[in-house]
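Enquirer: Quick one: this structure, given as structure tokens, is what I'll be asking you about.
Please treat every number below as a calculation from the coordinates, not as lab data. Not measured: the values here are computed from a predicted model. Methodologically, a virtual Cβ is constructed for each residue, glycine included, from the backbone with ideal geometry; neighbour enumeration extends over all protein chains shown.
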Amino acid sequence: MSSGDRFICGIEIHQQLNTKKLFCSCDSELSDEGEEICRRKLRPTAGESGALDRAAVAESKKRLVYGYQAPPGSSCLIDLDEEPPNGVDRDALDIALTFSAMVNAKIIDEIHYMRKIVVDGSGPGGYQRTAMVGMDGHIEVNGKRIVIESICLEEDSARKVAEDDGSITYRLDRLSIPLIEIATGPDIRTPEEAMEVALRIGTILRATKRVKRGIGTIREDINISIPGSRRTEIKGAQELRLLPTYVENEVQRHLMLIRISDILSKREISVDDDITDITDVFKDCQSKVIKSALSEKGKILAVRLRGFAGVLNGDDGKLRLGAELAQRARTKGVKGIFHSDELPAYGIEQGHMDSVMKRLGLTEKDAFVLCAEKEKKARAALEAVIERAKEAPNGVVEETRDPLPDGTSRFSRPLPGAARMYPETDVPPILITKERLTEVYGNLPELPEQIEKRLVSAYGLNEQQARQMVREGYEDIFERTAKDKETASAAATTFLSTFTEMQREGTDPENIPEKMILAVFEYLKDGKFAKEALSSLFREIAKGTTIDDAVSKLGLGAMSEAEASDMIAGIVKEREQFVREKGMASVGPLMGPVMEALRGKIDGKRMNDLLTKEIKKLI
Amino acid sequence: MINIERLQRDGNMRYSKELSKMLDAAGAKDGCKISLTTDGREHIGVLMPNASADPDVIVIKLKNGYHVGLRVSAGASVKVLEQPIVRTAERKARVPKKGLPDLVLIGTGGTIGSQANTETGAMAAGMATELLLDVAPEAAGIANIRTRDAASVFSENMSVEHWQELAKTVAEELNGGAAGVIISHGTDTIGYTAAALSFMLTELSAPVVLVGSQRSTDRPSSDAPGNLMASVRFCLSGTPGVYVIMQDTMSDDSFAVHRGTRVRKMHTSRRDAFRSINAVPVAHIDAPGNITFKDEVPAPSKVTKAVTKMCQEVVLLQFYPGMEPSLFRDVIMRSKGAVIAGSGLGHVSEGMETLLKEAAANGTIVVMTSQCLNGPTGMNVYDTGRRLQEAGVIPVMDMLPETAYVKLMWALANSKNVAETMRTKLSFEMGERRTVDVVW
């Protein structure tokens, strides 16, 4: 990113809590299977202010049917919106209050649950229950103060498990798992800072020891604007290390859209509302997309974008309004669109281009967009294209975007407004008593830096190791495995180096359940194998192998001292001449073959001792 | 929707004296945008009607939409930043379309006629019936629907007078040319009202459909739109009779048409709470509006006639082990009619048997139903049953206790031979046969 780019960014962190569900006593666990038990539609309703929320209206225009699976182990009639909610889970609220206290926030005296209208089906009620628990707090990140605007305790949404043309199937196991939502102020100024802030908030959350761990249990939203643009939100990023990339790419997109708006402001432009059927122009076209659309009795429809030539895809791909139009079109269920800046290509030839231009009465200053689909769908897609094209002179459009694994994002829906909130009447307000506050403030967990200090003093880690341990979230499991100095060092190597390497190699250590990690260190303590074996053992286990199978597969069955001595004696004997020549100096060179033969079967130090002994015996 | 006018009228009565004084001095009324500084922090938001139990807490709506309750400490200060915004939603009058049948929608309140009330933090039945039509805009495409507000109560507050008023209104509308009447009603007692109308409307020219919802209309998942549309569609079938139409599965695309005398709310909260008891639903309706009839329906009469007199000196009692006759003696002896939901086939304890005999001899009409709900009374099977019958207790087969209660009120007011009327089928309220396809 060039140094001249200024932007304003704030993030929201959503962290699942390790408690029961927020409004019932279901376990907050995910289920592997589910069977659809009902299908419903949702309608947007006016919120308290009487206005319909634009995001809700946009969703409902899709007119989807939502199917719901409700696995009995992890969901109940409350999740299905068939029974009113119970009171708020006390543990979850305690964690939210504790976190608020830890970030110096004002704890709300009386907590009021709200319904946030969300009609994408991810909640069968058509809303998410959410309440503000704390506000106006702050944290320090690398010496800079970052404001924590709000801390909310809300319900997680249901999981999408299947999707087809007109329907989406959700599983309700994830619905209503408590989430703490933490919103920072617009204080972030560099892409890296977005990640640093998220890391810091993550470490404080984990310090409560009551949050869920693993993939999907913490998600980030990024809000960004630059001078002259409007706010956009990238919602639901799961990979922390990608945050800087998302920020960077989004800022570039804002700059690009502003540039396009500048270009358009200097041109005579107009976007017609009419959509023209130009199917006949493509009768003999060899384009796969066109042919397949026509064979399914589809139509080729087109819209005119007068004065838009070169901004759909121009300046060597730096202007990409075409991609924006395509993303809008795809929300109507079409696979894509063609626009004039990318043609001729994809089997559409110059001849077709000329005919289209002629038919639409366009000049080279103009652009057009085509869609080849069933007529109704194509029309809806092009209407979305027209809507987006009309917004282009305004630069950046307020919207919510989905993060993609490559660090870019795509349009998902308009940014919701405040109109979507109204009081949740089934949950009475919760007065936070002085007694409860005293209890919260009297039992605050250690802050991350205090944990770091303890890791240094109690386990002999150096400061850098301790910081990394906390930052990467291994402090808890570390303390549970590090029973003595020796295992502490083995555990530190495992979490700080082996796991990092594994991540880099693409074997995610997050896949290893905590129970197994603890069991491996139990085995180690029992002398079932030596600490040198840990690294290969965890790599094997991460693939889904059980510990016992991994041990036997890697030939790690422990070896008695006598067996080891025999083996080492054999190695020394083979190199008798060398040993006699070098005397005790042969210990070093011989460690190589010894380790090769015995790695993981006995401890390295023990190996060295036995080797020294055998060499002494010989000379 | 905030009703600013009402909120302002209520003033700051709910707060402590000090807080009330502070708000009054600042001119801070509900709906004002205020700045509150307390404990060294400033909070800006719109003052909400207070739903707090703590008189020192005010509730404000922050810019981000959240409501927060803030305790106002002694040294706090309040400033009004903006006066309330009064929103007046513009409503276009509905223009009747030529060629569409005329229906009437009568509102009585209930969840289907409710919206969230920010004041009490609970639901209030206070929505104009006209607004209810907004939740099912498709209805305007198939019928011209005129609305009438009859009541605005939760159904536990429906009274016999309400039933009488409704019956008269229905007769007036149908005789005035309406092709059908839909009554929106709270679900708790919708069955009682349906039974009452079934007996009161002795002759009926067109459909009368009672409809409710288990989720209020302010929710995107409300069952009101679907139930309402199914009701409108059923009305267009012209089937005379009094019916209750509600969703019959957890999905929102399947609806049952229940006979008004056979329907019962069998779950407190599910959308498919309603069941026909001892009978199959008269018809099933799918989302596009296809109606499949499953049982017989009456022929239409030329005019609709409402016979609305009711005797209110009737009680409905459930028998239970340990029921102490002395506690009920006065109640039963003073009543002109008593419906007992007996155990099993229609039994009571010896002590209660003695009391019922005495009451019957004294002129009280005693009617026996079963608390099993499913299945008929069978008072010839055991001695208790036989003795009760000898004493004049009238078994009414598989009639629902609530239906028997309503029928007895009507019979006492309108029949010369009440016992005979109770044994006679008037509106499909009882039957001799129950086939295996009757769900229980």
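Enquirer: Where a Cα-Cα gap under 24 Å defines reach, which lysines qualify for B:K17, not counting those fewer than 8 residues away within the same chain?
Expert: A:K434, B:K29, B:K33, B:K61, B:K79
Enquirer: Hey, another quick one. Restricting attention to the alpha-carbon atoms of the stretch A:554-619, what are Rg (one decimal) and Dmax (integer), both in Å?
Expert: Answer for the stretch A:554-619, Rg first and Dmax second: 11.2, 35 Å.
Enquirer: Over the Cα atoms of the stretch B:314-423, what Rg and Dmax result, in angstrom?
Expert: Rg then Dmax for the stretch B:314-423, in Å: 12.3, 36.
Enquirer: Rounded to two decimals, what is the ratio between the C-alpha radius of gyration of the protein assembly as shown and 2.2 N^0.38 Å? Before the final figure, lay out each step's value.
Expert: Values: Rg = 36.9 Å, N = 1059, 2.2 N^0.38 = 31.0 Å.
Against the empirical 2.2 N^0.38 Å value, I get 1.19 for the protein assembly as shown.
Enquirer: Using Cα springs under 10 Å in a Gaussian network model of chain B, which residue among B:M397, B:M250, B:M22 shows the largest mean-square fluctuation?
Expert: B:M22
Enquirer: Hey, what do the phi angles of the stretch B:300-317 turn into as Karplus ³J(HN,Hα) couplings, whole Hz, using 6.51/-1.76/1.60 and θ = phi - 60°, x for Gly and Pro?
Expert: Karplus values, whole Hz, x for Gly and Pro: x, 8, 5, 10, 9, 10, 10, 10, 10, 5, 9, 9, 8, 8, 10, 10, 10, 10.
Enquirer: If a paramagnetic tag sat 7 Å from the Cα of A:N104 along the Cα-Cβ line, which residues of the stretch A:458-486 would have the backbone N under 13 Å from that point?
Expert: none
Enquirer: Please name whichever of A:L242, A:L22, A:Q128 sits farthest to the positive end of the charge dipole of chain A, dipole taken about the Cα centre and charges placed at Cβ: Lys and Arg +1, Asp and Glu -1.
Expert: Of the candidates, A:L242 comes out farthest on the positive side.
Enquirer: Let me ask another. For the stretch B:305-370 and the stretch A:112-165, what is the separation of their Cα centres, given in Å?
Expert: 56
Enquirer: Sticking with this structure for a sec: Regarding chain A, what are the three Cα extents along the principal axes, ordered largest first, in Å?
Expert: For chain A, the Cα extents along the three principal axes come out at 100, 67, 52 Å.
Enquirer: log₁₀ I(q)/I(0) of the stretch B:351-403 at q = 0.16, 0.20, 0.24, 0.31 Å⁻¹, via Debye over equal Cα point scatterers, no solvent, to two decimals?
Expert: -0.44, -0.68, -0.93, -1.21
Enquirer: Would you mind putting A:333-342, B:74-83, B:424-433 in packing order, based on average other-beta-carbon counts within 10 Å, highest first?
Expert: Working: A:333-342: 20.6, B:74-83: 13.3, B:424-433: 16.6.
Per-residue mean Cβ counts within 10 Å order the peptides as A:333-342, B:424-433, B:74-83.
Enquirer: Considering only C-alpha atoms, what is the centroid distance from the stretch A:451-517 to the stretch A:595-612, in Å?
Expert: 24
Enquirer: Still on this model: Setting aside same-chain residues fewer than 8 positions from A:K525, which aspartates and glutamates have a Cα under 12 Å from its Cα?
Expert: In chain and number order, the partners are A:D484, A:E486, A:D603.
Enquirer: For the stretch A:265-396, what are the per-bin percents of Cα-Cα distances with bins 5 Å wide, up to the bin holding the maximum?
Expert: Histogramming the stretch A:265-396 at 5 Å steps yields 2, 11, 23, 26, 22, 11, 4, 1, 0 percent.
Enquirer: For chain B, what's the relative contact order in percent, using C-alpha pairs closer than 8 Å and at least 6 residues apart?
Expert: Values: 995 pairs, mean separation 46.4, N = 440.
Over chain B, the number comes to 11 percent.
Enquirer: Compute the semi-axes of the equivalent ellipsoid of the stretch B:102-306, taking the square root of 5 times each eigenvalue of the Cα gyration tensor, and list them largest first in whole Å. Show your work: numbers first, answer last.
Expert: Numbers: eigenvalues 104, 71, 55 Å².
Computed over the stretch B:102-306, the values are 23, 19, 17 Å.
Enquirer: Using a 10 Å cut-off on Cβ to Cβ distances, tally the other chain neighbours for every residue of B:247-253 and report the average as a whole number. Intermediate values should be presented prior to the final figure.
Expert: Details: counts 1, 0, 3, 11, 9, 7, 5.
Rounded to a whole number, the mean comes out at 5.
Enquirer: What order, most packed first, do the peptides B:28-35, A:441-448, B:341-348 have when packing is the mean number of other Cβ atoms within 10 Å of each residue?
Expert: The packing order, highest mean first, is B:341-348, B:28-35, A:441-448.
Enquirer: Given the DSSP H assignment, sum -39500 (n - 2.57) over each helix run of at least 4 residues in the protein assembly as shown and divide by its residue total; what's the result at 222 nm in deg cm²/dmol, nearest 500? The partial results should precede the final answer.
Expert: Values: 32 runs with 349 residues, N = 1059.
When only DSSP H runs of four or more count, the value is -10000 deg cm²/dmol.
Enquirer: Would you be so kind as to identify which of B:V315, B:A195, A:G34 lies farthest towards the positive end of the dipole of the protein assembly as shown, taking Lys and Arg as +1 and Asp and Glu as -1 on Cβ and the Cα centre as origin?
Expert: Working it through, the farthest residue towards the positive pole turns out to be B:A195.
Enquirer: Shifting gears a bit: Quickly work out the A:Q286-to-B:N157 label distance, labels modelled 7 Å from Cα along the C-beta direction, and quote it in nm with one decimal.
Expert: 7.8
Enquirer: Can you compute the modelled spin-label distance between B:R433 and A:E33, with each label point 7 Å from Cα toward Cβ, in nm?
Expert: For B:R433 paired with A:E33, the spin-label model returns 4.3 nm.
Enquirer: Taking 7 Å along the Cα-to-C-beta vector as the label spot, tell me the A:D273-B:T292 distance in nanometres, rounded to one decimal.
Expert: So the two model labels end up 4.4 nm from each other.
Enquirer: Something else about it: Relative to the Cα centre, what is the charge dipole magnitude of the protein assembly as shown, using +1 at the beta carbon of each Lys and Arg, -1 at the beta carbon of each Asp and Glu, and rounding to the nearest 20 debye? Each step should come with its number before you reach the end.
Expert: On the way: 139 positive and 151 negative charges, 312 e Å.
Approximately 1500 debye in magnitude.
Enquirer: What ranking do A:212-221, B:183-192 get when scored by the average of other Cβ atoms within 10 Å per residue, highest first? Each step should come with its number before you reach the end.
Expert: On the way: A:212-221: 17.7, B:183-192: 25.4.
Ranked from most to least packed, the peptides come out as B:183-192, A:212-221.
Enquirer: Within the protein assembly as shown, what percent of beta bridges assigned by DSSP are antiparallel, to the nearest 5?
Expert: Working: 118 of 161 bridges.
That works out to approximately 75 percent antiparallel.
Enquirer: I've got another one for you. Just to be sure I understand the curve: with the Debye formula and one point per C-alpha of the stretch B:4-82, what is log10 I(q)/I(0) at q = 0.25, 0.26 Å⁻¹?
Expert: Treating every Cα as an identical point scatterer, log10 I(q)/I(0) equals -1.35, -1.48.
Enquirer: Sequence neighbours fewer than 8 away in the same chain don't count; with that in mind, list the lysines whose C-alpha is under 28 Å from B:K294.
Expert: By straight Cα distance, B:K294 reaches A:K41, B:K265, B:K302, B:K305, B:K407, B:K425.
Enquirer: Can I ask one more? Report the gain in length on full extension from A:K543 to A:E383: 0.36 nm times residue separation, minus Cα-Cα distance, nm rounded to one decimal. Walk me through the intermediate numbers first.
Expert: Working: separation 160, 0.36 × 160 = 57.60 nm, distance 4.80 nm.
Using 0.36 nm per residue and subtracting the Cα-Cα distance, I get 52.8 nm.
Enquirer: OK, next. What is the average number of partner chain Cβ atoms found within 10 Å of a Cβ in A:425-436? Walk me through the numbers before you get to the answer.
Expert: Values: counts 14, 4, 1, 5, 11, 1, 6, 2, 1, 1, 0, 0.
If you average over the peptide's residues, the count of other-chain Cβ atoms is 4.
Enquirer: Distance from the Cα centre of the stretch B:11-64 to that of the stretch B:133-150, in angstrom?
Expert: Cα centres, the stretch B:11-64 to the stretch B:133-150: 40 Å.
Enquirer: If you don't mind, another one. Counting only other chains, and only Cβ atoms inside 10 Å, what mean value do you get across the residues of B:193-205?
Expert: On the way: counts 0, 0, 0, 0, 0, 0, 0, 0, 0, 0, 0, 0, 0.
Per-residue shielding by partner chains comes out at 0.
Enquirer: With the cut-off at 27 Å, tell me which of the pairs A:K235/A:K297; A:K553/A:K605; A:K283/A:K377 have Cα atoms farther apart than that.
Expert: A:K235/A:K297
Enquirer: Moving to a separate point now. Provide the per-residue ³J(HN,Hα) series for the stretch B:94-109, in order, calculated from phi with Karplus coefficients 6.51, -1.76, 1.60 and θ = phi - 60°, each as a whole number of Hz, with x at glycine and proline positions.
Expert: Ordered by residue, 3J(HN,Hα) equals 6, 9, x, 9, 5, x, 8, x, 9, 10, 10, 10, 9, x, 10, x Hz.
Enquirer: Hey, got the dipole for the stretch A:8-231? About the Cα centre, +1 on K and R Cβ, -1 on D and E Cβ, debye to the nearest 20?
Expert: Result for the stretch A:8-231 is approximately 420 debye, rounded to the nearest 20.
Enquirer: How high is the FRET efficiency from A:N511 to B:I85, r the C-beta distance, R0 41 Å, rounded to 0.05? Don't skip to the end; give the middle numbers.
Expert: Numbers: r = 54 Å, r/R0 = 1.31.
Step by step, r from the Cβ atoms, then E = 0.15.
Enquirer: Take the Cα atoms of chain B, find their three principal axes, and give me the spread along each one in whole Å, biggest first.
Expert: Rounded to whole Å, the extents work out to 81, 61, 36 Å.
Enquirer: Just in the stretch B:315-422: which trypsin sites (Lys or Arg not before Pro) are loop by DSSP and have at most 12 other Cβ atoms within 10 Å?
Expert: Values: sites: B:R329, B:R334, B:K336, B:K357, B:R386, B:R387, B:K407, B:K416; in loops: B:K336, B:K416.
Sites meeting the loop and neighbour criteria: B:K416.
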